[in-house]
Amino acid sequence: MKENSSFETDLLHTNYPKPDAYGALSMPVYNSAAYEFDTAEQMEAAFTGKSNDYTYSRINNPTVQYFEERVKNITGAISVTALNSGMAAISNTFIALAKSGSNIVTSKHLFGNTYSILVNTLAAFGVETRFCDLNNPEQVESLVNKDTCAIFLEIITNPQLEVVNLERLSEIAKRNSVPLIADTTVIPICAFKANKFGIDIEIVSSTKYISGGATSLGGLIIDYGSFDWLSSPKLHNLVKEQGKSAFTFKLKKEIHRNLGAYMTPQVAYMQTLGLETMSLRYDRAAETCLMLCEKLEKLTEISSVNYTGLISNKYHELSKRQFGEKSGAMFTFDLSSREACFTFMNKLKLIKRATNLFDNKTLAIHPASTIFGTFTPEVRKEMNVSDKTIRVSIGLENVEDLYQDFIQALK
Ligand SMILES: *Cc1c(COP(=O)(O)O)cnc(C)c1O
């Protein structure tokens, strides 16, 4: 299939790892905790990794594996692991890479729970996080050392919408033999080719674009097999036997089964369906997002609109180079005060007051009082989360209807 088919086609066509017994065209949901064996020998082979037979659904499951195969097929990765949430994908990745005494170099502009897992959860196990401006090469370079197990970033930070220069950052990562790990959730895998920009491990919250209609939570760890793990503080001794697959081996054979956050078959089924329409939905939502932002920029009630698709945005050119003509379907805008933001939120009629991104419905949230509501004002300031900002995730509604909801809510 792969050589002569295009992305839209690949999204729909991936062979099953094994043919279905009944020839089902849609991958059935294999709702079984365990799998039966004919002989003790077959059982031994499955449990010792000599065969790929399924054993237990915390470890592997045909429906989930099919979803993983689909993503593998369209990304060209060497392996994909599907987990129960984006946070499970992030925590599994960090735990596979880090050990006591190692450090992770990243920016403070991170998804709230990612920030928290670094400064609270992992810090308690002796993993240090070194924060810097990832667009400042000298700063990055000065923090990386032999104990650095990853440089971690979000391709467009949420909610600040900062774009990291990936060519420059990956060049630093390569020169220092550190893997580049990116959370790419805000631009879907159909529009952004992570491995082309030197990203070694890609993390996606499939709750967002992939699920299609926000049906379920999910997370993906996508390994491109591009990193030489010989320089990894923790994985170097696996390289002799596993080569480029050292990370995947550690992840699949130890971390994900020990942490027990594998995707469930029902979720894999829904997200496989979501994957099939992702590219269509993304095109529509990103086009609407740009049209709406252009209209909103002209309104005097709004002090600023932050969207990298706007020509006025300082990351516009960089965003175009990295993510193409479309710039995602999330933007923020500022009003005069926190009170003005609350009034606006309360007046919305069509747009939903809800967290989450890339539902089919358009959602609005005031990040400072919600996602970052339990952070101190000082930390919020450091993270550049303002009281005057509202974040919007664009869905599939008609752009004029969305605009009219803005107009009435701003009055
Ligand atoms: C939502 C999100 C996550 C977390 O994903 P969940 O599926 O909610 O656990 C991580 N990173 C980014 C950028 C997100 O938007």
### Query
Within the stretch 117-140, is even one residue closer than 30 Å to E276 by Cα, open to solvent by 20 Å² or more (accessible area, probe 1.4 Å) and within 16 Å of the ligand (Cβ to nearest atom)?
no
### Query
Going through the stretch 66-91 one residue at a time, which ones are of a type outside the set (V, I, T), buried (at least 23 other Cβ atoms within 10 Å of the Cβ) and either within 14 Å of the ligand (Cβ to nearest atom) or on the phi > 0 side of the Ramachandran plot (or both)?
A82, L83, G86, A88, A89
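Name the single residue that is most open to solvent (accessible area, probe 1.4 Å) among those in the stretch 92-116 being assigned to a helix (DSSP H, G or I) and within 12 Å of the ligand (Cβ to nearest atom).
Taking the candidates together, the pick is N113.
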### Query
Restricting to the stretch 205-253, what's the tally of residues that are in contact (Cβ under 8 Å) with a residue 60 or more places away in the chain, away from the ligand (no atom under 16 Å from the Cβ) and over 21 Å from A173 (Cα atoms)?
4
### Candidate set: the stretch 225-264, residues that are touching a Phe, Trp or Tyr at 6+ places or on another chain (Cβ under 7 Å) and assigned to a helix (DSSP H, G or I); chosen: the one nearest to I59 (Cα to Cα)
H256
### Message
Let me confirm something: among N145, N195, which residue is closer than 24 Å to N237 by Cα, more than 12 Å from the ligand (Cβ to nearest atom) and either in a helix (DSSP H, G or I) or not basic (K, R) (or both)?
### Response
N145
### Query
If we scan the stretch 181-190, do we find a residue that is more than 23 Å from K326 (Cα to Cα), modelled with pLDDT of 95 or more, assigned to a loop (DSSP other than H, G, I, E, B) and open to solvent by less than 20 Å² (accessible area, probe 1.4 Å)?
no
### Summary
Scanning the stretch 359-382 for residues that are touching a helix residue (DSSP H, G or I) at 6+ places or on another chain (Cβ under 7 Å) and open to solvent by less than 40 Å² (accessible area, probe 1.4 Å) gives T362, A364, H366, A368, F372, R380
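The values are calculated or read from the model by the stated rules, or taken from the named source; none is laboratory data. A quick note: this is a predicted structure, and the numbers were derived from the prediction, not measured. Cβ atoms come from the backbone with ideal geometry, glycine included; neighbour counts cover every protein chain shown. These accessible areas exclude ligands, DNA and RNA; they are computed on the full protein's heavy atoms, side chains included. Shrake-Rupley method; radii C 1.70, N 1.55, O 1.52, S 1.80 Å.
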